[in-house]
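Take a look at the structure set out below.
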Amino acid sequence: MINMEKREEFDIEIDKTVGKPFIDNAKFSTRNVDVFYGEKQAIFDANIDIGKNQIIAMIGPSGCGKSTFLRCLNRMNDTIQDCRISGDIKLDDEDVYHKQQDPVLLRARVGMVFQKPNPFPKSIYDNVAYGAKLHGLASSKIELDELVEKSLIRAGLFKEVKDSLHKPGTGLSGGQQQRLCIARTIAIDPEVILMDEPTSALDPIATAVIEELMIDLSKKYTIAIVTHSMQQAARVSQRTAYFHLGYLVEVNDTNTVFTNPEHQLTENYITGRFG
Amino acid sequence: METQQHISQQYNQELEGVKSKVLNMGGLVEDQVEKAINALIEQNNELAKEVAESDYKINKIEVEIDENCAQLIAKRQPAAGDLRLIIAIIKLITDLERIGDEAEKIGRYTQKLTAMKDDINMYAELSGLGNKVVTILRDALDAFARMDVKQAIKIAETDKQIDEEFNRISRILVTHMMENSRNIKTMLHVIWCARALERIGDHSQNICEYVVYLVKGQDIRHIERE
């Protein structure tokens, strides 16, 4: 249910999400999603499709619910006590929150990369091989070697680390660590990669490398990225979703959002009229 | 449109600064055009000289605004309405500068015409066209200042009248040329002036189109309006 009291906080009315929230060929589709942390409602009636092999960027001021929404998609919010989710979230028409859905298997299909690079305190090799071993994706050492190499190549890291695969992953630079985390994610061959501010701890060069990588990866995977950098959203994504105080205000082609957004709140945010 | 101020006061000031420079430039251009038309109709050599020699002021402001816009893009990475404003301004000042050139042209032809001292009866005919041109330019700049889309669309339509008026004058001038071949040189100068006026109308129409783009985000150039 939509909380009408909450809506009165706006100077400008949010009736429903404007733009084009629904598309054909959706990988994820969410309908009437509400999220509560205890008594507090964090997301109000979010309806959106995430297109297959597309990059969708979620932007909005701090506390607008974009990260919360992203974490609903692979049930990362399950780990948070008193977080309650209602509505439908479907991955390829399969209910993500169905009783028989195994969150561990779900997260293998929907991988995640976080703001701070978080490699395991293990070797580079083991970092990448870890998930594959866990899910039994390689039947021999040779197969595992191949998988690790392939994943590192896809993450654009192999050349830099091929002679130090058995050195600790934590010894790499920030940008390299983040690419290691991406390699770890793609080693288990997910369908979707969620990225929660993946470059906010990186310098512009490392950021550019990751952005380039994202565009390359989107040929094979569906990517949803939460970012505070509007330029980043503009650079990498095909569609952009704007969140405001828990409401999904506008979803549109990125080109439209950054040149001629439909909603005044979107316009205000991307032109720097409030933060 | 811009209901709210930017968080960055500096950014606000920079955008406002550029906007007011554009209006300033618009005022100068309008002034030049009016003087040029008066010089032509009254065959005032001195005024014509003044117009022909003042165009550099407009060019100088154009360069300045271009520089400001480049810096705004580089430093602020404007988006949405701000981006459209800057793009519209960059285009608009090009048209303003061209209008300035047309006024200068009229000034120079008028100087030649006054030197010829031919007693022709064409200047009154031109005053009707001149009035229409001054009006469309003033209204276009006004629509930009107030960001008034409705007005902009309405004004853009009036360019057709200017084109018709120009065609009418051309026909008369051609008739004069045919009647007496000694008139040809003079008539050619007059026709160039009429042509310059007609071009100012076209540039004013462009300005109106930029206003629509700026406010609505729609590019209405090269499409038939209903």
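Structure notes:
- Any hit, the stretch A:256-269, residues being β-branched (V, I, T), crowded, with 19+ Cβ neighbours inside 10 Å and either within 15 Å of A:I50 (Cβ to Cβ) or away from chain B (no Cβ under 14 Å) (or both): no
- Residue match in the stretch B:92-101 (condition: under 30 Å from A:L265 (Cβ atoms), within 14 Å of chain A (Cβ to nearest Cβ) and buried (at least 21 other Cβ atoms within 10 Å of the Cβ)): no
- The residues on offer are B:K21, B:K35, and the sole one that is more than 14 Å from chain A (Cβ to nearest Cβ), more than 19 Å from B:L129 (Cβ to Cβ), in contact with an Asp or Glu (Cβ under 8 Å, 6 or more places away or on another chain) and touching a residue at least 12 places away in the same chain (Cβ under 8 Å) is B:K21.
- The residue of the stretch B:91-126 that is nearest to B:V211 (Cα to Cα), among those that are among the charged types (D, E, K, R) and within 14 Å of the chain's Cα centre (by Cα), is B:K91.
- Meets criteria (in contact (Cβ under 8 Å) with a residue 60 or more places away in the chain and within 14 Å of another protein chain (Cβ to nearest Cβ)) for A:A233: yes
- Flag if A:T185 is of a type in the set (V, I, T), farther than 28 Å from A:Q54 by Cβ and either surrounded by 21 or more Cβ atoms within 10 Å (Cβ to Cβ) or under 24 Å from the mean Cα position of the chain (by Cα) (or both): no
- Hits in the stretch A:14-44 - residues which are assigned to a strand (DSSP E or B) and under 12 Å from A:V249 (Cβ atoms): A:V18, A:G19, A:F44
- Hits in the stretch A:125-140 (condition: aliphatic (A, V, I, L, M) and more than 10 Å from A:R184 (Cβ to Cβ)): A:L134, A:L137, A:A138
- The listed residues are B:N59, B:N121, and the only one of them that is in contact (Cβ under 8 Å) with a residue 12 or more places away in the chain and of a type outside the set (V, I, T) turns out to be B:N59.
- Any hit, the stretch B:210-226, residues being touching a helix residue (DSSP H, G or I) at 6+ places or on another chain (Cβ under 7 Å), closer than 23 Å to B:A39 by Cβ and surrounded by 16 or more Cβ atoms within 10 Å (Cβ to Cβ): no
- Of the residues in the stretch A:64-77, at least one is crowded, with 17+ Cβ neighbours inside 10 Å, of a type in the set (K, R) and closer than 25 Å to A:A234 by Cα.
- B:K150 more than 14 Å from chain A (Cβ to nearest Cβ), under 30 Å from B:V190 (Cβ atoms) and free of Cβ contacts under 8 Å to residues at least 40 places away in the same chain: no
- A count restricted to the stretch A:190-206 and to residues that are surrounded by 18 or more Cβ atoms within 10 Å (Cβ to Cβ) and within 16 Å of the chain's Cα centre (by Cα) stands at 9.
- Here A:D189 meets the list (1) within 14 Å of another protein chain (Cβ to nearest Cβ); (2) in a loop (DSSP other than H, G, I, E, B); (3) closer than 22 Å to A:N25 by Cα almost entirely, failing just condition (1).
- The set of residues from the stretch A:36-63 being among the β-branched types (V, I, T) and over 19 Å from A:S237 (Cα atoms) comprises just one member, A:I43.
- Test result for A:V249, within 17 Å of the chain's Cα centre (by Cα), more than 9 Å from chain B (Cβ to nearest Cβ) and closer than 19 Å to A:I50 by Cβ: no
- Among the criteria (1) farther than 27 Å from A:P119 by Cα; (2) at pLDDT below 95; (3) buried (at least 22 other Cβ atoms within 10 Å of the Cβ), the one A:E250 does not fulfil is (2).
- For the stretch B:60-90, the candidate set comprises residues that are more than 12 Å from chain A (Cβ to nearest Cβ) and acidic (D, E); within that set, the residue that is nearest to the chain's Cα centre (by Cα) is B:E62.
The values are calculated or read from the model by the stated rules, or taken from the named source; none is laboratory data. The shown structure was predicted, so the numbers you read here are calculated from the model rather than taken from an experiment. Because the Cβ atoms are built from the backbone with ideal geometry, glycine has one as well, and the counts that use them run over all protein chains shown.
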